[in-house]
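Quick notes on the structure that follows.
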Number of protein chains: 2
Amino acid sequence: MTARTPLTVAVVGFGGMGGHHVDHLDELSYFEVKGIRDIRESQELLAKKKDLHVYPDLQAVLDDRDVDVVLIATPNDSHRDIAVQAMRHGKHVICEKPVAMNAAEMEEIMQVEQETGQVFVVNQNRRWDEDYLSVKKLRDEETIGEVFHTECRIHGSRGIPGDWRQKKAQGGGMLLDWGVHLVDRQLLMFPERVTDVNCTFQHIRNAEVDDGFRLTLTFESGKTSYMEVGTFNYVALPLWYVNGTKGSAVIHSWDMDGKVTRLETDREPDARPIKAGAGLTKTMAPRFDDGTVKDLPVPRVDASIHEFYDNVYETIHGRSEIIVKNDEVLRVMRLLEKAFESAETLQTVKFEAPVNAI
Amino acid sequence: MTARTPLTVAVVGFGGMGGHHVDHLDELSYFEVKGIRDIRESQELLAKKKDLHVYPDLQAVLDDRDVDVVLIATPNDSHRDIAVQAMRHGKHVICEKPVAMNAAEMEEIMQVEQETGQVFVVNQNRRWDEDYLSVKKLRDEETIGEVFHTECRIHGSRGIPGDWRQKKAQGGGMLLDWGVHLVDRQLLMFPERVTDVNCTFQHIRNAEVDDGFRLTLTFESGKTSYMEVGTFNYVALPLWYVNGTKGSAVIHSWDMDGKVTRLETDREPDARPIKAGAGLTKTMAPRFDDGTVKDLPVPRVDASIHEFYDNVYETIHGRSEIIVKNDEVLRVMRLLEKAFESAETLQTVKFEAPVNAI
């Protein structure tokens, strides 16, 4: 590949994720971070220490003709306005997730993208998580038959971090924070219509936004995906649990420890009842070492988030199709609105009409 | 305690559970198994080998004046009729679970119990499971603060055993088979009203009855209990997972391996973000060895199912109050009807009106 002329980036919102992006972009020869804009003096000082230009306000970013790309890493309630202004000033936009407060805001962003011809892309970085890609590989390669149910749990014990993520008006809460990742990935895992959405919220120490949620998607084929985030879970359940027609898999943590157990034969010797607790069970009798199942290691996948930035660069230059598509992001936002509705009404909510419906 | 005159028992239905009861009763000096009744010749032969009398039909059991107690361990659809006849013939009844096909049948049984003055008791043997008692102890002693959520999973991989449990007409399916235990115990765990019931069924290889289910109960206080049974789970998730306001606990299996993690202080040092997959997370950052949490062993509880039989004996002699109360059993059956309704309608179903409702 020939050397690529770097694109100049200004980062708006220089908190945890803004800094994380700067670290990544610094590793890439084809992006150059010129400066940052942050409303907090502490973050301005931090930027100066790193020899980054500090813009006095957003207008200064928009007016800087050097800037090709505005990277938005501010609280969620400000994404839409900054994105729209940036595109109208001829900037491409990389935006943190959740893209906006709701689907209507995303539709507005997509309208402006159409009008201006700029590239707008959301950092759905967790599509590059190895644990997710490992489960997707199990599913795609049918290692345990047809995968019909997945469970993904994000269990922490520190509550919601003490920032805007605790506030409803700024788009806080775990469903918006983590839900956008988990749902996004499950829609890629099972490329079919989602017919039903069921969600419940936890409000353990936060009455304003959910500090945990449990979300079940039912797909048209009957496949199901369960997603859970908990912030007061002092013991974590496994990160992934997967059921296929010919086996099951577990991935315990981001360290990729776990196992895949595959059914090796249709021959099914009758179970001997076992003593379990104060009773007998035949149904739950374990398999003995009879060759009917086999343990396999969790598949490993090489993945780099640099593919995201590379794809953005190439898309801006018209040489590639964007990986994180805005239609996909919009669909997730629409689905999350149904999840909020479900949590409020305590009912399962219909989402997409089945393709095969009359 | 002075020697107790044995009660004479006839076992109707000499399958797995019938045989299991005979084994237990043989260990107890205060019950004597006289004989069995089974419609299968194979089971009659088995009984003869064990020197048990074989009754030619149910009427012969009912007519045997020696018999004090009829123990019913037949398929579920026959419990009601046998129980009613037995009580009307002056027999006490120990009945396998699920007690009957539905709440109406249980109401009829209770009516006959009232009329005849006999003792009718259901073998809710899994109240004596150590894993359940361990979780109950955690809850009662507030080891991890106030327990507000429990999860209990029964994961096997052999499908439903190839017998009447596969047939709807005989009361098959996992919700009736295991659900009665799991719900019964959760109603004892949280002694308050159940406001909402949500249940989904799996029909992986059986269209007629559920070969797995997921059931969530919401209590008036907002506490929740999740119960799951799966029969095609080649890797098992932990048997118990428990969340309290000051900690969490996991019990992996009937071997009682697991751990209890308790929050030791309200001091909460701010989390350092960690790299997890392709991103950063502060919310899910683990706790470092900073003394804020402490791991404790899973509490052990001495329990013996003999307490059940002993209590039945003492209750029949008017010296004790029955532990497994018919009102409790009826409530479980009513709740299960709501679970069936929830699974059919894909909706959360209301169960009991809150005590504190206006």
When residues of the range A:191-200 are limited to those that are closer than 23 Å to B:VAL242 by Cα and within 11 Å of another protein chain (Cβ to nearest Cβ), the one surrounded by the most Cβ atoms within 10 Å (Cβ to Cβ): A:ASN198
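Being under 21 Å from the mean Cα position of the chain (by Cα), more than 25 Å from A:GLY318 (Cβ to Cβ) and not aromatic (Phe, Trp, Tyr) is the requirement here; does A:ARG40 meet it?
No; evaluated as a whole, the condition is false for this residue.
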Check B:LEU296 against each of (1) touching a residue at least 60 places away in the same chain (Cβ under 8 Å); (2) more than 8 Å from chain A (Cβ to nearest Cβ); (3) under 15 Å from A:GLY156 (Cα atoms) and name the one condition it does not meet. (3)
Considering only the range B:227-296, give the strands (runs of 3 or more DSSP E) lying wholly within it that have at least 3 residues that are touching a Phe, Trp or Tyr at 6+ places or on another chain (Cβ under 7 Å). B:247-251
Per the list (1) surrounded by 14 or more Cβ atoms within 10 Å (Cβ to Cβ); (2) in the same structural domain as A:LEU138 (by TED's automatic domain parsing), residue check on A:GLU344 breaks on (1)
Looking only at the range A:304-323, and only at residues there that are surrounded by 13 or more Cβ atoms within 10 Å (Cβ to Cβ), in a loop (DSSP other than H, G, I, E, B) and within 14 Å of chain B (Cβ to nearest Cβ), the one that is modelled with the lowest pLDDT: A:ILE305
Selected residue (only one of B:ASP68, B:ASP63, B:ASP81 is over 28 Å from B:SER304 (Cα atoms), touching a residue at least 12 places away in the same chain (Cβ under 8 Å) and of a type in the set (D, E, K, R)): B:ASP63
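Could you tell me whether the range A:119-131 includes any residue that is open to solvent by less than 30 Å² (accessible area, probe 1.4 Å) and more than 26 Å from A:GLY318 (Cα to Cα)?
From the range A:119-131, those open to solvent by less than 30 Å² (accessible area, probe 1.4 Å) are A:119-129, A:131; that's our starting set.
Next, only the ones that are more than 26 Å from A:GLY318 (Cα to Cα) stay: A:129, A:131.
Yes, there is a match, as at least one residue in the range A:119-131 is open to solvent by less than 30 Å² (accessible area, probe 1.4 Å) and more than 26 Å from A:GLY318 (Cα to Cα).
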B:LEU182 open to solvent by less than 20 Å² (accessible area, probe 1.4 Å) and more than 9 Å from chain A (Cβ to nearest Cβ): yes
So B:ALA353 clears everything in (1) surrounded by 13 or more Cβ atoms within 10 Å (Cβ to Cβ); (2) closer than 30 Å to B:ASP210 by Cβ except one condition, right? Which one? (1)
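Just to check your reading of the model, which residue among B:ARG272, B:ARG331, B:ARG287 is under 30 Å from B:LYS91 (Cβ atoms) and either open to solvent by 40 Å² or more (accessible area, probe 1.4 Å) or modelled with pLDDT of 90 or more (or both)?
On the way: B:ARG272 fails: under 30 Å from B:LYS91 (Cβ atoms); B:ARG287 fails: under 30 Å from B:LYS91 (Cβ atoms).
Testing whether each residue is under 30 Å from B:LYS91 (Cβ atoms) and either open to solvent by 40 Å² or more (accessible area, probe 1.4 Å) or modelled with pLDDT of 90 or more (or both) leaves just B:ARG331.
Yes/no matrix, rows are residues, columns are (1) in contact with a Lys or Arg (Cβ under 6 Å, 6 or more places away or on another chain); (2) within 30 Å of A:ASP289 (Cα to Cα); (3) open to solvent by 10 Å² or more (accessible area, probe 1.4 Å):
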residue: A:ALA207; (1), (2), (3): no, no, yes
residue: A:PHE219; (1), (2), (3): no, no, no
residue: A:LYS223; (1), (2), (3): no, no, yes
residue: A:PRO238; (1), (2), (3): no, yes, yes
residue: A:GLY258; (1), (2), (3): no, yes, yes
residue: A:THR261; (1), (2), (3): no, yes, no
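Please enumerate the residues belonging to the range B:103-159 that are away from chain A (no Cβ under 14 Å), charged (D, E, K, R) and over 21 Å from B:GLY244 (Cα atoms).
Within the range B:103-159, the first condition is being away from chain A (no Cβ under 14 Å), and the residues that meet it are B:103-121, B:137, B:139-142.
Then drop every residue that is not charged (D, E, K, R), which leaves B:105, B:107-108, B:113, B:115, B:137, B:139-142.
Those that are away from chain A (no Cβ under 14 Å), charged (D, E, K, R) and over 21 Å from B:GLY244 (Cα atoms): B:GLU105, B:GLU107, B:GLU108, B:GLU113, B:GLU115.
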Filter result (open to solvent by 10 Å² or more (accessible area, probe 1.4 Å) and of a type in the set (S, T, N, Q)) within the range B:240-256: B:THR245, B:SER253
Can you tell me which residues in the range B:125-142 are closer than 20 Å to A:THR281 by Cα, in contact with a helix residue (DSSP H, G or I) (Cβ under 9 Å, 6 or more places away or on another chain) and in a helix (DSSP H, G or I)? B:ASN125, B:ARG126, B:ARG127, B:TRP128, B:TYR132, B:LEU133
Pull out all pairs, ordered by first then second residue, where Cβ-Cβ is under 6 Å, the residues are six or more apart or on different chains, the first lies in the range A:221-240 and is at the interface with chain B (Cβ under 8 Å from one of its Cβ atoms) and more than 15 Å from A:ASP131 (Cβ to Cβ), and the second is surrounded by 20 or more Cβ atoms within 10 Å (Cβ to Cβ) and acidic (Asp, Glu). A:THR231/A:ASP211
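The values are calculated or read from the model by the stated rules, or taken from the named source; none is laboratory data. Computed from a predicted model, the values in this text were never measured in an experiment. Every residue, glycine among them, receives a Cβ derived from its backbone with ideal geometry; neighbour counts consider all protein chains shown. Just the protein is used for accessible areas: all its heavy atoms, side chains included, with ligands, DNA and RNA removed. Shrake-Rupley method; radii C 1.70, N 1.55, O 1.52, S 1.80 Å.
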